[in-house]
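Visitor: This is the structure, below, for whatever I ask next.
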Amino acid sequence: MENFKQNKLFYSSLIAVGVVFVAGVGASYWKYTDKNATAKELDLQQKKSRGLLNGHLLPAATTPISLTPANVDAATKDLVDLNTQKEQLKALIAGAPEARILGKDMSNTALASEIKQSVDEWTKFAGDRDIRMLPNEKCEFGFRRYIRNPGTSPKRDIVRVDQQRQIVDFLFKTLADSRPVTAGAPTPILLESIDREAVETFEKIPEGKPGAGTFAQPETVRNESDEFAPTRTFRQPGLVDTLSFRVRFVGTTATLRTFVNKVRNSGRPFAVTAVEVGTPTADMLKLLGSAPTVVSPSAPTAPTAVSSLPGFFTADAAAATNTKAAAPAPKEERKVVIRQAPAQFTVQIDYLTVVEDKPAAEGEPKK
């Protein structure tokens with residue numbers, strides 16, 4: 001200690017040199033490790049660059065596709081073509097803007113009033129057009145929960161429910177105009193119901209969960225008989241959304257055929273997903289008030305005469321032919337082959353809506 005006190009300058013300088021030496025060693029080690037990390041990153045990027053230049057072998061290709069200017073231009077053109085085709089498909093699915101059926105935004109009480117008014121108008125329309133309905137099961141056109149419970153109204157999805165109301169109007173009036181006219185009057189028809197997908201009571205399953213994009217009904221919500229969850233649909237999560245309907249009626253095959261064709265050729269984004277045919281009950285047929293129409297075939301065609309026979313049949317055949325020619329022709333007998341009777345039809349229809357791409361939020365990459 002005495003020696004240190006006598007040589008403070010020397011020992012202080014020595015300590016300073018030691019500190020500088022240790023700091024230099026630490027800095028060198030840090031630079032060395034940083035150099036190694038930079039070298040590894042550089043090597044990784046060089047490998048990626050070489051991989052891009054060498055090309056990537058696609059499953060359908062025989063030679064690797066490299067990142068050359070020509071390939072970049074071709075890929076850019078393909079992307080533009082794909083986006084153009086995507087927009088064309090969207091326009092084809094959605095239909096012409098003037099043909100789309102859009103819902104209106106309003107309060108839930110105003111919508112409930114619109115629903116009640118529409119159901120009253122449809123019921124009167126059915127009476128005026130001689131469209132029969134079941135007496136013990138009045139048709140509310142998919143809105144039974146609001147018609148039979150006065151004062152209730154949709155709690156959410158107001159625009160979509162109003163859109164359903166307008167679609168039901170189109171489907172019902174199209175069905176009424178699809179009946180063939182016989183003896184100056186439209187063919188009788190019995191409307192059982194027009195059912196709808198209750199979007200305001202079915203909760204949409206979020207992405208990432210089983211059944212994503214479809215609707216599940218909470219256990220606390222009671223489903224009405226004119227509401228259903230479709231098992232067959234054109235809905236594709238993120239691409240195409242749908243509203244499903246079922247038209248249940250008793251009528252002739254001609255009415256069904258005309259109705260389906262009118263819906264398909266309406267220019268509106270409809271898709272027929274299922275058609276079921278059943279036998280109506282006796283009460284339905286009685287209410288319909290139409291007897292089956294008997295269709296008879298035309299006169300039977302006479303058998304074609306045989307002009308060439310083997311030699312050993314010639315004599316007998318000639319004698320038989322002369323005998324038959326002399327006999328009088330048998331009287332035509334008309335037999336019933338087909339009875340055109342009304343059938344019970346269930347037509348499920350999807351109304352398609354293209355899901356628009358949502359712009360990415362500022363600072364958020366577009367998915």
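Visitor: What number of residues in the stretch 109-143 are open to solvent by 50 Å² or more (accessible area, probe 1.4 Å) and touching a helix residue (DSSP H, G or I) at 6+ places or on another chain (Cβ under 7 Å)?
Guide: Residues that pass the stated criteria total 4.
Visitor: Based on what the data block shows, is P150 part of a loop (DSSP other than H, G, I, E, B) and surrounded by fewer than 18 Cβ atoms within 10 Å (Cβ to Cβ)?
Guide: yes
Visitor: From the list P206, P230, exactly one residue is modelled with pLDDT of 65 or more and not hydroxyl-bearing (S, T, Y). Which is it?
Guide: The unique qualifying residue is P230.
Visitor: Of the conditions (1) surrounded by fewer than 20 Cβ atoms within 10 Å (Cβ to Cβ); (2) at pLDDT 85 or above; (3) in contact with a Gly (Cβ under 6 Å, 6 or more places away or on another chain); (4) not aromatic (F, W, Y), I189 clears all except one; give me its number.
Guide: I189 satisfies all of (1) surrounded by fewer than 20 Cβ atoms within 10 Å (Cβ to Cβ); (2) at pLDDT 85 or above; (3) in contact with a Gly (Cβ under 6 Å, 6 or more places away or on another chain); (4) not aromatic (F, W, Y) except (1).
Visitor: Now for a different question. Going through the stretch 153-184 one residue at a time, which ones are over 21 Å from L102 (Cα atoms), open to solvent by less than 40 Å² (accessible area, probe 1.4 Å) and not hydroxyl-bearing (S, T, Y)?
Guide: Result: A176, R179.
Visitor: Something else about it: Taking the criterion of being touching a strand residue (DSSP E or B) at 6+ places or on another chain (Cβ under 8 Å) and within 21 Å of T353 (Cβ to Cβ), would at least one residue in the stretch 142-150 satisfy it?
Guide: yes
Visitor: Here's a follow-up. Are there any helices (runs of 4 or more DSSP H) wholly within the stretch 1-104 with 3 or more residues that are over 30 Å from I158 (Cβ atoms), over 49 Å from the mean Cα position of the chain (by Cα) and modelled with pLDDT under 75, and if so which?
Guide: 2-6, 8-54
The values are calculated or read from the model by the stated rules, or taken from the named source; none is laboratory data. Owing to the predicted nature of the structure, the values given are computational and were not obtained by experimental measurement. Note: ideal-geometry Cβ built from the backbone for every residue, glycine included; neighbour counts use all protein chains shown. Side chains are part of the model used for accessible areas, which takes the heavy atoms of the whole protein and leaves out ligands, DNA and RNA. Shrake-Rupley method; radii C 1.70, N 1.55, O 1.52, S 1.80 Å.
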